[in-house]
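Peer 1: Just passing along the structure, written as structure tokens.
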Amino acid sequence: MNNEKQHKFDMRYLKMARIWAQNSYCQRRQVGALVVKNGMIISDGYNGTPSGFENICEDENNVTKPYVLHAEANAITKLARSNNNSDGATIYITASPCIECAKLIIQAGIKRVVYGEQYRLTDGVDLLKRAGIETIYLNPDEDEREEE
Ligand SMILES: [Zn+2]
């Protein structure tokens, strides 16, 4: 795939991840993630509590509960229950991954990370780079004209 086409696909998947983030019940922050391999979306996730727990992410002080899973973690662990795997895949995330998710991304064999919002802490992205994973920051809003 040429660079221009890849960029267009990256932008569209990132926009899809953003739409997917709207599934999150979390009030403070909604994050979405898609795992794409060989041109197919093989997994998806958004931040939220584990299956079987109440769909409320924040406690009475509006602090995110410690057991809320991040979008990336949900997308990667969902694959653990499927017949597919993320080896060599790309993950699209609406925000830059934290260090805990970066560790999961590395161990999941994901080779590219495309994210849409810079988080103040860069330790997650730094770790990915150290592991030789391609990290790409895109701003889906900057691309509107080109898309028309
Ligand atoms: Zn995370």
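No value in this document is a laboratory result; all are computed from the given coordinates. All values reported here derive from a predicted model rather than from experimental measurement. No Cβ is skipped: glycine too gets one built from the backbone with ideal geometry, and neighbour counts run over all protein chains shown.
Peer 1: Give me 101, 26, 57 sorted ascending by neighbouring Cβ count inside 10 Å, so fewest comes first. Each step should come with its number before you reach the end.
Peer 2: Values: 101 27, 26 20, 57 23.
Lowest count first: 26, 57, 101.
Peer 1: Filter the GluC sites (Glu not before Pro) in the stretch 23-80 to those in DSSP coil with at most 15 other Cβ atoms within 10 Å of their Cβ, and list the result.
Peer 2: 54, 60
Peer 1: Here's something else I'd like to know. Restricting to DSSP H runs of at least four residues, report the calculated mean residue ellipticity at 222 nm for the chain, -39500 (n - 2.57) per run over all residues, nearest 500 deg cm²/dmol.
Peer 2: Value at 222 nm, helices only: -10000 deg cm²/dmol.
Peer 1: Can you give the charge dipole size of the chain about its Cα centre, rounded to the nearest 20 debye, using +1 on the beta carbon of Lys and Arg and -1 on the beta carbon of Asp and Glu?
Peer 2: Using only the charged Cβ atoms, the result is roughly 500 debye.
Peer 1: Which of the cysteines found in the chain have nothing to pair with, since no other Cys Cβ lies under 4.7 Å from theirs?
Peer 2: Lone cysteines by the Cβ rule: 98, 101.
Peer 1: Sort 51, 82, 43 by Cβ crowding within 10 Å, fewest neighbours at the top. Can you show the working numbers first?
Peer 2: Numbers: 51 7, 82 10, 43 24.
Ordered from fewest to most neighbouring Cβ atoms within 10 Å, 51, 82, 43 come out as 51, 82, 43.
Peer 1: Neighbour counts of other C-beta atoms within 10 Å: give me 81, 12, 18, 130 arranged from fewest to most.
Peer 2: Numbers: 81 7, 12 14, 18 21, 130 10.
Ranked by crowding around the Cβ, least crowded first: 81, 130, 12, 18.
Peer 1: To the nearest 0.05, what FRET efficiency results for residue 123 and residue 2 with a Förster distance of 35 Å applied to their C-beta separation?
Peer 2: Efficiency for this residue pair is about 0.60.
Peer 1: Largest first and in whole Å, give the semi-axes of the stretch 1-145's equivalent ellipsoid, each being the square root of 5 times a Cα gyration tensor eigenvalue.
Peer 2: Each semi-axis is √(5λ); the values are 24, 17, 15 Å.
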